[in-house]
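Please read the structure below before turning to the comments.
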Amino acid sequence: MTETVDLEAEVLDTVASLLKLDRSRLTLESTTEQLDLDSLDLVKLTFAVERRFAVSLSGYGFQDVDSMGKLVHLVAQRIADKKGRCKT
């Protein structure tokens with residue numbers, strides 16, 4: 001549970017810092033539309049999240065990841081996939 005909460009906070013902190021958003025505005029329910037993110041913002045966000053968490057978000061478009069909760073879920077899934085591959 002704590003790992004999930006920490007990951008949620010880290011992802012939201014990364015988004016707020018990169019896009020210069022008020023962190024208090026960000027929740028898991030915040031959508032890219034509500035945050036007024038344009039395509040360039042989404043590209044920058046993708047690269048920053050990939051770099052920060054050492055995961056690849058390829059194969060997903062931000063039309064599929066339209067909320068911060070979905071982004072956190074995707075990052076968690078990619079981290080788990082990476083850990084699973086490292087064990088074998």
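Mind listing whichever residues of the range 31-54 are part of a loop (DSSP other than H, G, I, E, B) and either surrounded by 12 or more Cβ atoms within 10 Å (Cβ to Cβ) or of a type in the set (Ser, Thr, Tyr) (or both)?
Selection gives THR32, GLN34, LEU35, LEU37.
So which residues in the range 21-45 are of a type in the set (Val, Ile, Thr) and modelled with pLDDT under 90?
VAL43, the sole residue that qualifies.
I'd like to check something: does the range 7-18 contain any residue that is over 14 Å from VAL72 (Cα atoms) and either out of contact with any strand residue (DSSP E or B) (no Cβ under 7 Å at 6 or more places or on another chain) or assigned to a loop (DSSP other than H, G, I, E, B) (or both)?
Yes - at least one qualifying residue is present in the range 7-18.
Does the range 55-74 include one or more residues that are part of a helix (DSSP H, G or I), touching a residue at least 60 places away in the same chain (Cβ under 8 Å) and surrounded by 12 or more Cβ atoms within 10 Å (Cβ to Cβ)?
yes
Since SER17 meets every condition but one in (1) among the hydroxyl-bearing types (Ser, Thr, Tyr); (2) modelled with pLDDT under 90; (3) within 13 Å of the chain's Cα centre (by Cα), which condition does it not meet?
Of (1) among the hydroxyl-bearing types (Ser, Thr, Tyr); (2) modelled with pLDDT under 90; (3) within 13 Å of the chain's Cα centre (by Cα), only one is false for SER17: (2).
Residue under question is ARG78, and the condition is that it be surrounded by fewer than 17 Cβ atoms within 10 Å (Cβ to Cβ), outside any loop (DSSP other than H, G, I, E, B) and either of a type outside the set (S, T, N, Q) or touching a Lys or Arg at 6+ places or on another chain (Cβ under 6 Å) (or both); does it hold?
No, not satisfied.
List the residue pairs whose Cβ atoms are under 9 Å apart, where the first residue sits in the range 19-37 and is farther than 19 Å from VAL5 by Cβ, the second is of a type in the set (Lys, Arg) and at pLDDT below 95, and the two are 6 or more positions apart or on different chains.
Within 9 Å, the pairs are LEU19/LYS44; GLN34/ARG25; LEU35/ARG25.
In the range 47-88, what count of residues is obtained for those that are β-branched (Val, Ile, Thr) and at pLDDT below 90?
Looking only at that region, the number is 2.
The values are calculated or read from the model by the stated rules, or taken from the named source; none is laboratory data. Given the structure is predicted, the values throughout are model-derived calculations rather than measurements. No Cβ is skipped: glycine too gets one built from the backbone with ideal geometry, and neighbour counts run over all protein chains shown.
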